[in-house]
Amino acid sequence: MSVVAASEVLNPLSSGWFLENSWLIPIIPAVGFALIIFFGKRLPMKGSEIGVISMVASLGMSAGSAYQWIQRVGSAAEGQFVEPVIRTWNWWQIGGVNLTIGQSIDGLAVTILVVVAFISTLVQLYSIEYLHGDRRYTHFFAALTLFSAGMLAMVIAEDMILFILGWEIMGLCSFMLIGHWWEEGANSRAALKAFFTVRTGDMGLLVGVAILYFASNEWTTENLGVSGFSIHGISAWALSGEPNSTVILMASIALFIAAIGKSGQFPLHTWLPDAMAGPTPVSSLLHSSTMVVAGVFLVARLYPVFFEGFDILGAGGNLIMVIGAITIVIAAALAFVQADIKKVLAYSTVSQLGYMMLGLGAGAWLPAVFHIFTHAFFKACLFLGAGSISHSASHHSFDMRKDMGGLRKYMPITFTTWVISTLALCGVFPFSGFFSKDEIIDNVGNNGYTMFMVIGLVGAFLTAAYMTRATYLTFFGEARGAAAGQHETEHASDHGHDDHGHDDHGHDAHDGHGPRESGPLITIPLMILAVLALSSGFLNATPFGKSWEKLKDWVEPRAAVVMEVHASGPGESRIRAEEGHHSSPCGSETPKEGVCFAPQLEHAKFKWSKALLSLAIVFAGIALSWLLSVALYTKKNAKLVGLTSRNKVLGAGYRLLANKYYLDALYEQVIVRSVAGPISRAAYWFNQNILDGVLHGVSRTTRSVSSWTYRNIDQRVVDEAVNASGRATKGAGGVVQPVQSGKVSQYGALLFAAASVVALVLVIVNT
Amino acid sequence: MEMLRDDNWLLSVGTFLPMLGVAVMLFVPKVEERLIKAVALITSGATLAVGGFTLMRFDFGNAGAMQFVAEATWIPVIKSSYFIGVDGISLPLYFLSMVITFLVVIYSLDHIPSPGNPKAFFSLMLVLQTGMAGTFIAQDLILFFVFFEVVLLPMYFMIGVWGGEQRQYASLKFFLYTMFGSALMLVAFLALFFKTGAESFAIPFLVENGASIAKNVQIWIFAGMFIGFAVKVPMFPFHTWLPDAHTQAPTQGSVILAAILLKLGTYGFVRIAIPTLPDAAIEWAPYIGALAVIGIIYGALGCLAQQDMKRLIAFSSVAHMGFVMLGISTLTSFGTNAAVFGMIAHGLITGMLFFVAGSVKERYHTLEIQRLGGLLKQMPRLGWILGFSSMASLGLPGLAGFWGEFPAILAAYNPAEGLNVTVYRVFMVIAALGTVLAAAYLLWLFQRVAFGEPKPEFAGHDHDDHFHDVNKYEITAWAPLLIAIVVLGLVPNLLFKVVDPAVQGALSAFGG
């Protein structure tokens, strides 16, 4: 693939205005945020227009960049490394370190840019209606816009510092948006939990970046003229054969911890379902299709580091795969016991992120990135669908068991888009999830990890099953609770149990209506997303042959050995591919000359036999779950209903799931409680009683010594023995007195004299 | 070190101008409160203007050099002279002290703490300003010491007279503790003086000649300075005066204490202790680093245990100054730059947090976290400013706090030659854990104070005159701080480019 014939001349790469100015993409919403904060409330649409306009502008620029990137790829020779479009500016210099800030646009970046800008735009449009009349409408749009700016900044980042900046801004916005209805304790607790859990992972980001910087800086400065913060510098360094394997392993582990926190991987996944306390557009944008993929993006972005650090493609698997695989299964299992439709989707997100991690860990880089891409559309659609239901049919409830059922009749558009997206999520041909998820599973097996492939298939079965259950409960069977028009009583009783906080946003204009379809600002985004959930898989439709593998062409970095060319201006081609190599050594051995920016990866050859097997598994999941759902929820089969309370094994399993494997209990009851409670109290006790106790002891002793001195020596001995020098005695007493009484005016002379004496002693002793 | 002597009147004017204000104020009758406030405002404003002019005249291309240097005989008997100047390390702190005093004066126009008496209050504040500015410009150890001590008295009275219920205890503790440190510091200064041939107290002279002192002697002298500065910073375990002083001090006192006074200690390390005694610094650095990271974790745990908002912020200072000291203890220019940035950032952010705490106290008459809640609902602006300051304080990138924290962690990965790398990497991980705890206590504070519904006892007061949102005095005093936090967060080079050359010079003994 990376063959470049010796005779072939390397083509100059094309560029364009959009590519050169991609740094504007995050700047636009950042400015939009400031405008909303300062002027939003005075505008006719309370600031939402600024949010939407800035997102549309970002989307336009992202699309332009994507188009020009495709042209750039087209202008390259086959196998030629298509270098990213890098532009940097000096940010700060200290201690000889020169830190730059800037953009680095490549296939991965443009893919995510388009996804983020696109979903953000739709979610903003959707929110105009969904949050209409909300008491903090302007704030909501401000935070949503800032969030997009943060994510986009992270995606274009050329250096790790800007990456961290974007990453943390997302964390902040997540906090603000989850806690949007902070009047209720549950919401503010969920916001705190989300920020804090992710922040725990961020420790790894700080440490990992520090390790990478110091390990790589010398090499990158010498060979590429960039600092050890530069992402493409670090990538090249990782593949140069230079790094010490322990150092790069430590860096990988540290960074992966950050990815675990952000992407809700086991064991730090517990914040994500709670984050559903935020308004539904937030869940759709942040906690399904964009922010939570930041961890996956981190691994994909610094892939060479993880590739070398974890020895990806080595025998037996690695930490990324193990975490990914565990996450797929445990999250999918949890999705079965949820009554809240958004929590089903939340666990589904966790599980799908596990697939992406599994893919990355197994060397299936492109399928994982492709899955980010397709997952964004169908998951956003599902969340917005859930929002549509609560907005128009279930009176702001998300409880599938109590307030839904039979909704397909009332909400044809929501239903259709939901089903399309569900099929995409389950991986049914020809919906988009099939192409991406199956690619991951296929490549995991192809790279020799049979056991992990089996886990992937089990996950596919579980996914199909829990989504069928959710679909059945929501749209089929008979209408219950609010969906049947009984919202008044249900509404009140809901308040108590619903631990995600009631999706109550202060407008009750719909009181008294039965379930109906939502308005166009809600259904149009749903339809657009459903079309993409159906079609986006064809961007890389491996079953139809090479000519359909567009995304691979455009996005996957070509693993060519690159020779460095220094003499050219900024933004110009500084790198050209080495000629005459027949297979790229990148990733497997150290290039003798030149540098690599991406490891050579294999791709599984598509076989219908394998695809049919996984399709069969999916259909089995759907069918089995459908039959069970009918039996349980509609026919109320006596053998099945209440089985978990009769059968001990099943009951134990159910309790384990219902208590989320007791991880929350471990974190909240054990770790957080003990640090916030006994441990900090012990530290404070130490402070008040030991440290201050010593201090008070010293001061008491000083006081008693000085008063004893005054009484016994000054007043008695001195006074009585040397009557004649009474004046002198008083002087001496005057010296002692201020110390005990705390009178401060005379301390100077005393201090100076005492210090001089001590200093003299010190000098004399030391000479 | 290069000395530039242009405009050598500037620093003296900037430093002693507040004293002129005090002199004028002495002639104003106590009852003329408006006039007294006007004098205070004009004096601090004029001082700030001189500071601004100093910034304009400062040769930024030569920030490593001592500038505006003035020298005059002062106490020839002990070879101490009036020797002043600023370089890239002292200039930002010097200017910050002026900004903070001016803003605190603005805030005080509307918020004189009981028992009143603005005349005495403002006079003390202006004296304090002279002491703080003087400490940052002094290039002679005795002069430095005098200014260092001048700062003590006004603060002692500020806490002791205008403080809370336990003001007597807190002010005395503050005073005696710092005094104890100063005494040892003075011993160290004198020892340094004698060991370098009893020729001069000038810092540049001592930097040149200090290195020739035998190592074991250096270690002892450093010990004295260490105690003196560590108490002021304050470093664990010498910090116990701080929470009491902060909790009892009036808002103005807390702000100045956090923003400037604590920096006198860290500044002392960077300016005096480390450059004059490089061999001792290498020996001491790991212990300083260890105490710094203990302080980070310990301070954070202390925060988690607090029931009082102001006391919590005070403990957070212990943690934040731990990051500063960790940066210093690496003895690298990277770490020291981070430390100086951390000093400024902490000054702005924690100063801001104390302002907010003061305003909360003024409205609710309590800072007990349990009793507060729903601040965002009753006073949205005040609530959001608290949220913003908390975010800045926990080191959110894009705001100033990040640039003090992250580079300090980074620097610990690779300390100066001669320091044990493994030990420092352990410090790095512990410090990184400190950032998590910082998020925990600050957000927990914010959640309890600002989110939720107001507690019943305060719920009905919405239309009370007392229960207003941020007023114009407050916003005027705070806006510059808030803006500076954002600007320095986005363009850290504004500060780094001034500090860096000077830090390089100060650490030349360690090979940069």
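Provide a single number: the residues in the stretch B:496-512 that are surrounded by fewer than 22 Cβ atoms within 10 Å (Cβ to Cβ), within 9 Å of chain A (Cβ to nearest Cβ) and part of a helix (DSSP H, G or I).
Count: 2.
Are any residues in the stretch A:515-566 within 21 Å of A:Thr111 (Cα to Cα) and of a type in the set (Asp, Glu), and if so, which ones?
Hits for the stretch A:515-566 are A:Glu549, A:Asp553, A:Glu556.
Would you mind finding the one in B:Leu410, B:Leu437, B:Leu394, B:Leu386 that is within 11 Å of chain A (Cβ to nearest Cβ) and within 24 Å of B:Ala479 (Cα to Cα)?
B:Leu394
Taking A:Trp685 as the residue in question, decide whether it is in a helix (DSSP H, G or I), more than 10 Å from chain B (Cβ to nearest Cβ) and either surrounded by fewer than 14 Cβ atoms within 10 Å (Cβ to Cβ) or touching a Phe, Trp or Tyr at 6+ places or on another chain (Cβ under 9 Å) (or both).
no
Can you name the number of the only condition in (1) over 23 Å from B:Ile349 (Cβ atoms); (2) out of contact with any helix residue (DSSP H, G or I) (no Cβ under 6 Å at 6 or more places or on another chain); (3) in a helix (DSSP H, G or I) that B:Leu257 fails?
Every condition holds for B:Leu257 apart from (1).
Does at least one position in the stretch B:54-63 carry a residue that is buried (at least 16 other Cβ atoms within 10 Å of the Cβ) and in a helix (DSSP H, G or I)?
Yes - at least one qualifying residue is present in the stretch B:54-63.
In the stretch B:384-400, how many residues are at pLDDT below 90 and among the small types (Gly, Ala, Ser)?
The qualifying residues number 2.
Every residue in the stretch B:140-184 that is touching a residue at least 60 places away in the same chain (Cβ under 8 Å), over 26 Å from B:Leu367 (Cα atoms) and not hydroxyl-bearing (Ser, Thr, Tyr), please.
B:Asp140, B:Leu141, B:Ile142, B:Leu143, B:Phe144, B:Phe148, B:Val151
Please pick out the residue among A:Arg72, A:Arg87 that is assigned to a helix (DSSP H, G or I), out of contact with any Cys (no Cβ under 8 Å at 6 or more places or on another chain), more than 14 Å from chain B (Cβ to nearest Cβ) and basic (Lys, Arg).
The conditions single out A:Arg72.
Only one residue in B:Pro415, B:Pro454 is out of contact with any Gly (no Cβ under 6 Å at 6 or more places or on another chain), within 12 Å of another protein chain (Cβ to nearest Cβ), assigned to a loop (DSSP other than H, G, I, E, B) and not basic (Lys, Arg). Which one?
Result of the check over B:Pro415, B:Pro454: B:Pro415.
So which residues in the stretch B:366-378 are under 15 Å from A:Arg136 (Cβ atoms) and in a loop (DSSP other than H, G, I, E, B)?
B:Gly374
Residue under question is B:Thr247, and the condition is that it be more than 14 Å from chain A (Cβ to nearest Cβ), surrounded by 24 or more Cβ atoms within 10 Å (Cβ to Cβ) and in a helix (DSSP H, G or I); does it hold?
Here the answer is no, as B:Thr247 does not meet what is asked.
If I ask for residues that are more than 8 Å from chain B (Cβ to nearest Cβ) and not in a helix (DSSP H, G or I), which ones from the stretch A:152-183 would you list?
Within the stretch A:152-183, A:Ala157, A:Glu158, A:Asp159, A:His180, A:Trp181 qualify.
Counting only residues that are among the acidic types (Asp, Glu), assigned by TED's automatic domain parsing to the domain that holds A:Ser614 and surrounded by 21 or more Cβ atoms within 10 Å (Cβ to Cβ), give me the helices (runs of 4 or more DSSP H) lying completely in the stretch A:387-484 with at least 2 of them.
Here the list reads A:432-446.
Restrict the check to the stretch A:539-547 and report whether at least one residue is assigned to a loop (DSSP other than H, G, I, E, B), surrounded by 13 or more Cβ atoms within 10 Å (Cβ to Cβ) and either at pLDDT 70 or above or at positive phi (or both).
Checked against the condition, which is being assigned to a loop (DSSP other than H, G, I, E, B), surrounded by 13 or more Cβ atoms within 10 Å (Cβ to Cβ) and either at pLDDT 70 or above or at positive phi (or both), the stretch A:539-547 yields at least one hit.
Looking at (1) surrounded by fewer than 22 Cβ atoms within 10 Å (Cβ to Cβ); (2) at pLDDT below 90, can you tell me which one B:Ala49 breaks?
(2)
Return the total of residues in the stretch A:38-55 being modelled with pLDDT under 85 and either among the aliphatic types (A, V, I, L, M) or not in a helix (DSSP H, G or I) (or both).
5
Can you find, within the stretch B:193-212, the residue that is farthest from B:Phe144 (Cα to Cα) among those that are crowded, with 21+ Cβ neighbours inside 10 Å and at the interface with chain A (Cβ under 9 Å from one of its Cβ atoms)?
Selected residue: B:Lys195.
Here is a yes/no grid of residues against (1) touching a helix residue (DSSP H, G or I) at 6+ places or on another chain (Cβ under 6 Å); (2) at pLDDT below 85; (3) within 14 Å of chain B (Cβ to nearest Cβ):
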site: A:Ala190; (1), (2), (3): yes, no, yes
site: A:Arg199; (1), (2), (3): yes, no, yes
site: A:Gly208; (1), (2), (3): yes, no, yes
site: A:Ile211; (1), (2), (3): yes, no, yes
site: A:Glu222; (1), (2), (3): no, yes, no
site: A:Phe229; (1), (2), (3): yes, no, yes
site: A:Ser235; (1), (2), (3): yes, no, no
site: A:Ala238; (1), (2), (3): yes, no, no
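Does B:Leu326 count as surrounded by fewer than 24 Cβ atoms within 10 Å (Cβ to Cβ), more than 30 Å from B:Asn471 (Cβ to Cβ), touching a residue at least 12 places away in the same chain (Cβ under 8 Å) and within 14 Å of chain A (Cβ to nearest Cβ)?
Against the criterion (surrounded by fewer than 24 Cβ atoms within 10 Å (Cβ to Cβ), more than 30 Å from B:Asn471 (Cβ to Cβ), touching a residue at least 12 places away in the same chain (Cβ under 8 Å) and within 14 Å of chain A (Cβ to nearest Cβ)), B:Leu326 does not qualify.
Name the residues in the stretch B:469-491 that are over 20 Å from B:Leu376 (Cα atoms) and part of a loop (DSSP other than H, G, I, E, B), would you?
B:Val491
Can you find even one residue in the stretch A:139-148 that is more than 22 Å from A:Lys46 (Cα to Cα), surrounded by 23 or more Cβ atoms within 10 Å (Cβ to Cβ) and away from chain B (no Cβ under 11 Å)?
So far as the stretch A:139-148 goes, no, none of its residues is more than 22 Å from A:Lys46 (Cα to Cα), surrounded by 23 or more Cβ atoms within 10 Å (Cβ to Cβ) and away from chain B (no Cβ under 11 Å).
Of the residues B:Arg363, B:Arg381, only one is in contact (Cβ under 8 Å) with a residue 24 or more places away in the chain, in contact with a Phe, Trp or Tyr (Cβ under 9 Å, 6 or more places away or on another chain) and in a helix (DSSP H, G or I); which?
None of the others qualify; the one that does is B:Arg363.
Within the stretch A:53-73, how many residues turn out to be without any contact (Cβ under 8 Å) to a residue 24 or more places away in the chain and of a type outside the set (A, V, I, L, M)?
Count: 1.
Tell me which residues, restricted to the stretch A:331-342, are in contact with a His (Cβ under 8 Å, 6 or more places away or on another chain) and surrounded by 24 or more Cβ atoms within 10 Å (Cβ to Cβ).
Matches in the stretch A:331-342: A:Ala331, A:Lys342.
Only one of (1) farther than 19 Å from B:Ala509 by Cβ; (2) within 9 Å of another protein chain (Cβ to nearest Cβ); (3) outside any loop (DSSP other than H, G, I, E, B) is not met by B:Ala188, so which one is it?
If we test B:Ala188 against (1) farther than 19 Å from B:Ala509 by Cβ; (2) within 9 Å of another protein chain (Cβ to nearest Cβ); (3) outside any loop (DSSP other than H, G, I, E, B), just (1) comes out false.
Which of (1) away from chain B (no Cβ under 14 Å); (2) at pLDDT below 90; (3) assigned to a helix (DSSP H, G or I); (4) surrounded by 24 or more Cβ atoms within 10 Å (Cβ to Cβ) does A:His269 not meet, given it meets every other one?
Only one criterion in (1) away from chain B (no Cβ under 14 Å); (2) at pLDDT below 90; (3) assigned to a helix (DSSP H, G or I); (4) surrounded by 24 or more Cβ atoms within 10 Å (Cβ to Cβ) is unmet by A:His269, namely (3).
The values are calculated or read from the model by the stated rules, or taken from the named source; none is laboratory data. Here the structure is a predicted model, which is why all the values come from computation and not from measurement. With ideal geometry, Cβ positions are generated from the backbone for all residues, glycine too; neighbour counts draw on all protein chains shown.
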